[in-house]
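Please treat every number below as a calculation from the coordinates, not as lab data. Because the structure is predicted, anything quoted here is derived from the model rather than measured. Don't worry about glycine lacking a Cβ; one is built from the backbone with ideal geometry, like all the others, and counts go over all protein chains shown.
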Amino acid sequence: MDIERIRADTPATARRVYMHNAGAALMPRPVVDVLKTHIDLEAEIGGYAAARREEERCEAVYDSVARLLNASRDEIALVENATVAWQMAFYSLPFAKGDRILTAEAEYAANYIAFLHVAKRTGVRIDVVPSDETGELDIAALERMIDERVKLIAVTWVPTNGGLTNPAAAIGRIARAHGIPYLLDACQAVGQMPVDVEALDCDMLSATGRKFLRGPRGTGFLYVRRGFLERMEPPMLDLYSASWVARDRYELRSDARRFENWENNYAARLGMGAAIDYALAIGLPAIEARCRLLAGRLRTGLASIPGVTIRDLGRTPSAIVSFTIEGIDARNVVSQAEGAGIVIGASSPSSTRIDAENRHLPDLVRASPHYYNTEDEVDRLIEICGGIEGSARK
């Protein structure tokens with residue numbers, strides 16, 4: 001990995017230490033160039049004409065996503081964000097009173113709110129699979145909880161806090177063995193590790209472009225396995241997702257684009273495609289190795305500071321490092337780091353309420369290094385956090 005070239009493609013790295021990639025990563029120059037070029041083209045010839053001129057490149061984005069996921073292009077829908085992707089899948093599934101949804105303790109708030117919404121409307125039951133001693137979803141417990149009423153297993157692969165990487169492929173094997181639909185939220189996995197939908201055995205997968213993929217905001221995608229697609233009726237349709245074939249009849253598209261609508265942001269889509277191609281050119285295995293290296297260095301350094309508690313879970317923690325500093329509010333830590341030229345974030349207990357309540361978590365500091373960070377930058381954050389703790393003790 002040519003870190004110097006990658007950092008040259010990311011000019012902001014010369015001005016600040018950026019470790020908020022679980023929020024929204026820095027876009028590399030090729031992505032920014034694609035965005036600007038298409039916006040300039042729209043300004044010159046209009047949006048319709050620009051889309052026609054760039055039709056081949058816009059279509060190629062589906063191929064890029066398919067390569068990223070080891071999927072087929074007809075299994076991919078391009079949407080506005082990961083929430084839209086997840087909800088289009090979830091709300092396309094039929095539920096009835098007495099049905100059960102199985103999920104994880106560290107499930108993300110937006111997803112759980114949707115569970116509650118459907119439970120309120122239909123009487124479906126939400127059952128949370130307990131975690132094992134490492135904090136990962138307990139595979140044995142999942143197996144024991146399955147019966148004929150389970151109509152969905154929905155899990156976040158890499159939750160918003162805790163550093164956890166849930167055993168997504170093992171969950172998929174159980175779901176497939178029992179014929180249960182499996183919806184995987186890969187929002188914070190895509191871009192920091194290889195994602196192979198065949199190995200994961202998932203029926204549906206949602207993700208965003210703005211996080212570790214380093215794409216623009218307002219982009220996302222949904223994967224739906226070809227054999228599962230016909231079991232899903234999208235919660236809303238328009239003249240792109242379906243055809244009006246007679247006054248009293250419509251026909252759904254035969255591919256995953258039945259979850260799209262006609263109007264979209266072509267510049268942002270092209271930017272996401274460029275971001276995916278950029279990541280693929282570097283190689284996801286190499287990206288994962290470097291992310292884990294930098295995150296491991298950060299955890300080790302922070303753990304050596306008196307008063308700092310690492311809050312991460314799991315056997316193979318992700319590149320999201322969550323911690324607290326005794327006596328210092330998480331937002332204060334973020335603010336002081338910003339004053340030193342380091343961008344990190346914070347995570348509220350409300351984002352993963354069940355996990356936070358089980359572990360009695362306060363607001364957490366969340367640092368998420370990416371492959372364009374350096375070891376020196378990691379050490380600088382460790383030093384800053386040590387200074388914050390030291391000043392508090394005095």
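Going toward the positive end of the dipole of the stretch 112-269, with +1 on Lys and Arg Cβ and -1 on Asp and Glu Cβ, which of ASN161, ALA175, VAL129 do you reach last?
So the residue furthest toward the plus end is ASN161.
Taking 0.36 nm per residue of sequence separation and subtracting the Cα-Cα distance, how much length would be gained by fully extending the chain between ARG67 and ASP238, in nm to one decimal?
Taking 0.36 nm per residue and subtracting the Cα distance, the gain is 58.8 nm.
Can you list which of the DSSP-assigned H helices in the chain have a Cα extent of 18 Å or more along the long axis and an average Kyte-Doolittle score of at least -1.0?
29-45, 55-69, 109-122, 266-282, 284-303, 375-393
Just tell me which aspartates and glutamates come within less than 12 Å, Cα to Cα, of LYS151; anything on the same chain fewer than 8 places away is out.
By straight Cα distance, LYS151 reaches ASP99, ASP127.
First measure r as the distance between the Cβ atoms of GLU4 and GLU251, then evaluate 1/(1 + (r/R0)^6) with R0 = 56 Å and state the FRET efficiency to the nearest 0.05.
Numbers: r = 53 Å, r/R0 = 0.95.
With a Förster radius of 56 Å, E is 0.60.
In what sequence do LYS211, LYS151, LYS36 fall when counting other Cβ within 10 Å, fewest first?
Sorted ascending by nearby Cβ count, the order is LYS36, LYS151, LYS211.
Would you work out the charge dipole size for the stretch 29-281 about its Cα centre, treating the Cβ of every Lys and Arg as +1 and the Cβ of every Asp and Glu as -1, and quote it to the nearest 20 debye?
In total the dipole reaches around 400 debye.
Work out, in µm²/s and without decimals, the Stokes-Einstein translational diffusion coefficient of the chain at 20 °C, 1.002 mPa s, Rh from Kirkwood over C-alpha pairs.
98
Relative contact order of the chain, please, whole-number percent, based on alpha carbon pairs below 8 angstrom and at least 6 residues apart.
Numbers: 780 pairs, mean separation 90.7, N = 394.
Over the chain, the number comes to 23 percent.
Among ARG15, ARG57, rank each residue by its count of other Cβ atoms within 10 Å, from fewest to most, as a rough exposure measure.
ARG15, ARG57
Sort 106-117, 238-249 by the packing proxy (mean of other Cβ within 10 Å over each peptide's residues), most packed first.
My ranking of the peptides, most packed first, is 106-117, 238-249.
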